[in-house]
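Q: The structure under discussion is supplied below as structure tokens; questions concerning it will follow.
The values are calculated or read from the model by the stated rules, or taken from the named source; none is laboratory data. Keep in mind that what you see is a predicted model, and the values were worked out from it rather than measured. Counting neighbours? That spans all protein chains shown, and the Cβs are built from the backbone with ideal geometry, glycine included.
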Amino acid sequence: MTADSDGLMKKLVSLCKRRGYVFPSGEIYGGLQSSWDYGPLGVELKRNIESKWWEYMVSTRSNVTGMDTAIITHPRVWEASGHLEHFHDPLVDCLKCKSRFRQDHVRGNVCPDCGGELTEPRDFGLMFKTSVGAVEDDSSIVYLRPETCQSIFVNFRNVVTATRMKLPFGIAQTGKAFRNEITARNFVFRSREFEQMEMEFFCRPGEADRWFDYWTEERLRWYAELGIREENLRIRRHEESELAHYAKACVDIEYTFPFTGDGWGELEGIANRTDYDLRAHMNASGQDLSFHDQASNEKIVPWVVETSGGIGRTFLAVLLDAYREETVEGRERVVLGLHRDLAPIKVAVLPLSRKLSEQAEEVFRMVSPHFPATFDVTGSIGKRYRRMDEAGTPFCVTLDFDSLEDGAVTIRERDSLDQVRVPISTLVEKLTKIMERGWPEG
């Protein structure tokens, strides 16, 4: 990480705490490494990202349905899926500074932190183990899920029976997953508890390549629609040696995270998982998870194209892409230029003076049923504008003394700093149009 990128991350982490996006978990006790709590604005941004994903992937499609499955499931699921066998990383320790690394993240046998000698690698299991029931023994061992997709596969027959879906179709879910990472770092980019947005798309074997290409383009388009600049996104195809044991092909959608070695880090993976998962669970359970095509009267074990992204990584990419510092009229301001669909607060109602608080609160009560809004009367109007800019609020509505005479207020747009005066009676209508169509040019 360069000094500039390190400085950017420190500024962003500071802003996240200051404005209530992300807090260190258990901070009053010194915090817990790689554990983060999403604050009042952070939880809204996270919910907005998840909502946009669900709308794009599920609600607007007739051939994708949803699920919400248990975090703790039958332990044989992870045996059949191959996680118990394959879900390990090679671990090395520095004999000098005691730092710990994944072997494949280190070049040579020298510690990247202090130059000390590293130990021989040993296997490190990535799944969190716990137990259920009153007695803790081998029969009570279960695991926190390391991914959300396996519960989709084991429910394949249930979903087909309940929905009568026809190939091709997808099953989607969002939810928490847990991985006991050796080195969890870089803010919310890599943590041991995280949330995934996954969709498993089931299709005929001969159609998998086409759907793989289709979903790669669709997922890239979604990130661009969040307002992330296209030059900061790319698609990277995995080499043969990188492919997971279940994959025929895989690509990553990457973002220019400032802390990554080559300037790019994974946002989402799209994989052609073939029929590996369904067949693995069929063999282990003895249950038939094939699809019966009534039109052709044939039984098919579908192939699967998976899209799997992290809410935390998307959250971080959105903030990094939106963050900027600029000078306006000789004064510096920090801005989160969030897309209006993602902004936790859409509208801030600000009286020019405390003497106007009562009238401004009436405007707030008019606006708040329609948009996530806030009311702020503390400090000068300039300082309040700056707070809203830093929080990512796209529009401020200011009530001044002229409002008492002309019955109008001023809407200020965050990025251009343009202002427009509108009657209070048409304020909600005007804001609705702006939210739908964007701020008018010129």
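Q: If we keep just the residues of region 248-281 that are touching a Ser or Thr at 6+ places or on another chain (Cβ under 6 Å) and part of a strand (DSSP E or B), which is farthest from residue 198 (Cα to Cα)?
A: 251
Q: Oh, and also: Tally the residues that are assigned to a strand (DSSP E or B) and touching a residue at least 24 places away in the same chain (Cβ under 8 Å), restricting the search to region 286-324. First the steps, then the outcome.
A: The initial filter retains those residues of region 286-324 that are assigned to a strand (DSSP E or B), namely 291-293, 298-300, 303-310, 323-324.
Now narrow it down to the ones that are touching a residue at least 24 places away in the same chain (Cβ under 8 Å): 291, 293, 300, 303-310, 323.
Count: 12.
Q: Whether any residue in region 287-300 is farther than 16 Å from residue 198 by Cβ, of a type in the set (Ser, Thr, Tyr), more than 29 Å from the chain's Cα centre (by Cα) and in the same structural domain as residue 38 (by TED's automatic domain parsing) is what I want to check.
A: yes
Yes/no matrix, rows are residues, columns are (1) touching a Lys or Arg at 6+ places or on another chain (Cβ under 7 Å); (2) closer than 16 Å to residue 306 by Cα; (3) not β-branched (Val, Ile, Thr):
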site: 172; (1), (2), (3): no, yes, yes
site: 175; (1), (2), (3): no, yes, yes
site: 178; (1), (2), (3): yes, no, yes
site: 197; (1), (2), (3): no, yes, yes
site: 224; (1), (2), (3): no, no, yes
site: 228; (1), (2), (3): no, no, no
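Q: Restricting to region 73-132, what's the tally of residues that are of a type in the set (A, V, I, L, M) and farther than 26 Å from residue 286 by Cα?
A: Counting residues in region 73-132 that are of a type in the set (A, V, I, L, M) and farther than 26 Å from residue 286 by Cα gives 7.
Q: Please state which one of 137, 104, 113, 93 is touching a Cys at 6+ places or on another chain (Cβ under 8 Å), among the charged types (D, E, K, R) and more than 30 Å from residue 165 (Cα to Cα).
A: Answer to the selection: 113.
Q: Shifting gears a bit: Residues that are among the aliphatic types (A, V, I, L, M) and modelled with pLDDT of 85 or more: find the helices (runs of 4 or more DSSP H) completely inside region 25-105 holding 3 or more of those.
A: 40-54
Q: If you don't mind, another one. Between 413, 405, 390, which is more than 28 Å from residue 331 (Cα to Cα) and outside the structural domain of residue 17 (by TED's automatic domain parsing)?
A: Numbers: 413 fails: more than 28 Å from residue 331 (Cα to Cα); 390 fails: more than 28 Å from residue 331 (Cα to Cα).
Sole residue among the options that is more than 28 Å from residue 331 (Cα to Cα) and outside the structural domain of residue 17 (by TED's automatic domain parsing): 405.
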